[in-house]
1. Can you find a residue in the stretch 137-144 that is exposed (fewer than 11 other Cβ atoms within 10 Å of the Cβ), under 19 Å from residue 98 (Cβ atoms) and modelled with pLDDT of 80 or more?
2. Quick check on residue 132: is it in contact with a helix residue (DSSP H, G or I) (Cβ under 9 Å, 6 or more places away or on another chain), within 21 Å of residue 31 (Cβ to Cβ), surrounded by fewer than 19 Cβ atoms within 10 Å (Cβ to Cβ) and modelled with pLDDT of 90 or more?
3. Please indicate, with yes or no, whether at least one residue in the stretch 29-50 is closer than 23 Å to residue 167 by Cβ, surrounded by 15 or more Cβ atoms within 10 Å (Cβ to Cβ), touching a helix residue (DSSP H, G or I) at 6+ places or on another chain (Cβ under 7 Å) and without any contact (Cβ under 8 Å) to a residue 40 or more places away in the chain.
4. For the stretch 100-129, give me each residue that is under 13 Å from residue 28 (Cα atoms) and out of contact with any strand residue (DSSP E or B) (no Cβ under 8 Å at 6 or more places or on another chain).
5. Within the stretch 92-102, restricting attention to residues that are in contact with a helix residue (DSSP H, G or I) (Cβ under 6 Å, 6 or more places away or on another chain) and in a loop (DSSP other than H, G, I, E, B), which residue is farthest from residue 140 (Cα to Cα)?
6. Is at least one residue of the stretch 46-62 in contact with a strand residue (DSSP E or B) (Cβ under 6 Å, 6 or more places away or on another chain) and in a loop (DSSP other than H, G, I, E, B)?
7. Considering every residue within the stretch 73-84, establish whether at least one is touching a helix residue (DSSP H, G or I) at 6+ places or on another chain (Cβ under 6 Å) and surrounded by fewer than 17 Cβ atoms within 10 Å (Cβ to Cβ).
8. Would you say residue 89 is modelled with pLDDT under 95, surrounded by 12 or more Cβ atoms within 10 Å (Cβ to Cβ) and outside any loop (DSSP other than H, G, I, E, B)?
């Protein structure tokens, strides 16, 4: 939808963000989390892959071709948007960047009772998909990791090259919630005896 701007006789695109053609939509992964964990183990960062990444980066045409191939494959499998700082290993390979709000630390408060996305009611929340996939692989602890804000300057870069070069070691925290922590029940704090006595004296001094 276009709206006229009288000040300079131009038009502004008033289309809602989620109605834009390239807006992120919850994507269901096309492959199992188990197979992806196995693949990640093979491609885990080591000196060999770091050398490969360095060679790819030194030749611009090779880097562009590698990045293009990565985008094609990951977009088809996960709905990848090429943020350059892949969170898939920590979200059971359900891409959080396909969330319309691009939330990287769990679902929003608008998830429907039928697990539907608030923005696209006909689609399932990608974070619920991530939790279910993590539970199937006994990796629910990954859901408790704090995802740090992404570097917006890295959009369009190869996340594999960045990973092999060690540039995303701090993308998320360790599992910071211990399994054996007691459940805390919220209750009103007890009033110290001294304060109770002071309040009683004040009431006695107030004239009727």
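1. We begin by selecting, within the stretch 137-144, every residue exposed (fewer than 11 other Cβ atoms within 10 Å of the Cβ); these are 138.
Subsequent filtering for residues that are under 19 Å from residue 98 (Cβ atoms) retains none.
For the stretch 137-144, residues exposed (fewer than 11 other Cβ atoms within 10 Å of the Cβ), under 19 Å from residue 98 (Cβ atoms) and modelled with pLDDT of 80 or more: absent.
2. no
3. No, because not a single residue in the stretch 29-50 is closer than 23 Å to residue 167 by Cβ, surrounded by 15 or more Cβ atoms within 10 Å (Cβ to Cβ), touching a helix residue (DSSP H, G or I) at 6+ places or on another chain (Cβ under 7 Å) and without any contact (Cβ under 8 Å) to a residue 40 or more places away in the chain.
4. Selection gives 126, 127, 128, 129.
5. Of the stretch 92-102, the ones in contact with a helix residue (DSSP H, G or I) (Cβ under 6 Å, 6 or more places away or on another chain) are 92-95, 98-100.
Going one step further and asking which of them are in a loop (DSSP other than H, G, I, E, B), we end up with 92-95, 99-100.
Numbers: 92: 9, 93: 13, 94: 13, 95: 16, 99: 19, 100: 23 Å.
Residue satisfying both the conditions and the ranking: 100.
6. No, the stretch 46-62 contains no residue that is in contact with a strand residue (DSSP E or B) (Cβ under 6 Å, 6 or more places away or on another chain) and in a loop (DSSP other than H, G, I, E, B).
7. Looking for residues that are touching a helix residue (DSSP H, G or I) at 6+ places or on another chain (Cβ under 6 Å) and surrounded by fewer than 17 Cβ atoms within 10 Å (Cβ to Cβ), one finds none in the stretch 73-84, hence no.
8. yes
The values are calculated or read from the model by the stated rules, or taken from the named source; none is laboratory data. Values in this document were obtained by computation on a predicted structure and should not be read as measured data. A quick note on method: Cβ atoms are made from the backbone with ideal geometry, for glycine too, and the neighbour counts reach across all protein chains shown.
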